[in-house]
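Below is one structure; the comments refer to it alone.
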Amino acid sequence: MLEPARQLTPPETQRARAVAGWVAFCVLLLALVLVPFALFGADVDAVAQRFLSARPPAWQVSLVLGGLLAGDILLPVPSSLVSTAAGGLLGFWGGLATNWLGMMVACVLGYGLGARAGTVALRRMAGDAEVARLARASERLGPWFLLVFRAVPVLAEASVVFAGTSRMSRRSFFTVCALSNLGVSATYAALGATAAQLESFLILFAGMVLVPGLALAWVRRRSRAPGASR
C-alpha cells in the first residue's frame with residue numbers, strides 16, 4: 001500500500017520555491033544570451049568587425065563612450081553595453097579609465113540632482129517601492145549601500161540620487177563611489193577586452209546580460225531575507 005505523500009513544511013516550501021525561482025532565473029538569463037546569439041550573432045559580429053577595421057581615434061571613442069556613461073543618470077543609456085564596448089574598443093586599461101571617469105561624472109550629477117530636486121526626482125526615477133528599499137539598505141549599511149547597488153539597473157542611478165537627497169557626507173559618497181565604480185568598470189572592461197581578443201560576441205553579450213542580471217537577483221534576494229525590512 002502506497003504511503004501518502006508527505007506535506008512540505010512552510011520552510012521547506014519556501015526553500016523549494018526559492019530553488020525553483022533561481023533555476024527559472026538562470027534559464028531565462030541563458031536564453032537571453034544564447035537565443036539572440038544564435039539568431040543574430042553572425043550579423044552582429046560582421047558589423048562589429050567592420051567598425052573595428054575603420055574606427056575613429058581612441059580618444060574620440062573614449063569621449064563618446066564616457067559621455068554616454070555620464071549621461072546615464074538622466075538618459076536611458078544601456079550602461080552595461082557601453083561599458084563592455086569600452087573594454088572591447090579601447091583595451092582593458094583604456095576601457096577601465098573611460099568607464100570609471102564616465103561613471104564618476106554620473107555620480108556627481110546624480111548627487112547634485114538629489115540634493116536640489118529632493119525625493120520628487122527620486123520617486124519618479126525608481127518608484128516608491130525601490131525608494132523604500134534604498135532607505136532600508138542605507139540604514140543597515142551606511143554609505144556602503146552605494147556599493148551594493150552599483151551594478152544593478154535603475155537602482156545604481158537611484159542610489160546616488162538618494163545619497164544627494166539624504167545629504168550624505170560628500171567625502172563618504174565620493175569614496176564609496178570611487179571604489180565601487182572601479183570594481184564595476186574593471187569587470188566590464190575585462191569582459192570587453194577578452195571578447196575582442198578572442199573575437200567572441202558571445203562573451204561580450206553574456207557580460208552585458210549576466211552581470212547586471214545577477215546583481216539584480218542578488219539584491220532582490222537579500223531584500224527578501226529574514227530581517228531585511230527591519
Failed condition for TRP100, given (1) over 17 Å from GLY192 (Cα atoms); (2) modelled with pLDDT of 60 or more; (3) open to solvent by 60 Å² or more (accessible area, probe 1.4 Å): (1)
message: Considering only the range 98-110, I want to know if a residue exists there that is closer than 20 Å to SER169 by Cβ and among the polar types (S, T, N, Q).
response: no
query: Based on what the data block shows, is MET125 among the aliphatic types (A, V, I, L, M) and within 14 Å of CYS177 (Cα to Cα)?
result: no
statement: Output for Cβ contacts, cut-off 7 Å, separation at least six or different chains, first residue free of Cβ contacts under 8 Å to residues at least 12 places away in the same chain and at positive phi in the range 76-97, second surrounded by fewer than 22 Cβ atoms within 10 Å (Cβ to Cβ) and not in a loop (DSSP other than H, G, I, E, B), reads none
message: Looking for something of a type outside the set (A, V, I, L, M, F, W, C), more than 14 Å from the chain's Cα centre (by Cα) and closer than 17 Å to LEU182 by Cβ - is there at least one such residue anywhere in the range 153-161?
response: no
- request: Taking the residues in the range 164-210 that are open to solvent by 50 Å² or more (accessible area, probe 1.4 Å) and outside any helix (DSSP H, G or I) as candidates, determine which candidate is modelled with the highest pLDDT.
  value: SER169
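When the range 140-149 is examined, which residues are found to be within 21 Å of GLY102 (Cβ to Cβ) and open to solvent by 30 Å² or more (accessible area, probe 1.4 Å)?
Our first condition is that a residue be within 21 Å of GLY102 (Cβ to Cβ); within the range 140-149, this holds for 146-149.
Of everything in the range 140-149, those that are within 21 Å of GLY102 (Cβ to Cβ) and open to solvent by 30 Å² or more (accessible area, probe 1.4 Å) turn out to be LEU147, VAL148.
Can you work out which of the residues in the range 130-139 that are closer than 15 Å to PRO153 by Cβ and not basic (Lys, Arg) is surrounded by the fewest Cβ atoms within 10 Å (Cβ to Cβ)? Please lay out each step first, then the result.
Of the residues in the range 130-139, the ones closer than 15 Å to PRO153 by Cβ are 130, 133-134.
If we keep only those that are not basic (Lys, Arg) too, we end up with 130, 134.
Working: GLU130: 20, LEU134: 24.
Top of the filtered list is GLU130.
For the range 120-135, check the following and say yes or no: at least one residue is under 18 Å from LEU65 (Cβ atoms) and touching a residue at least 60 places away in the same chain (Cβ under 8 Å). Write out each step before concluding.
Here is the first cut: in the range 120-135, the residues under 18 Å from LEU65 (Cβ atoms) are none.
Among the residues of the range 120-135, not one is under 18 Å from LEU65 (Cβ atoms) and touching a residue at least 60 places away in the same chain (Cβ under 8 Å), which makes the answer no.
The values are calculated or read from the model by the stated rules, or taken from the named source; none is laboratory data. All values derive from a computational prediction rather than experimental measurement. Reconstructed Cβ throughout: ideal geometry from the backbone, glycine too, with neighbour counts over all protein chains shown. What goes into the accessible areas is simple: the full protein's heavy atoms, side chains included, and nothing from ligands, DNA or RNA. Shrake-Rupley method; radii C 1.70, N 1.55, O 1.52, S 1.80 Å.
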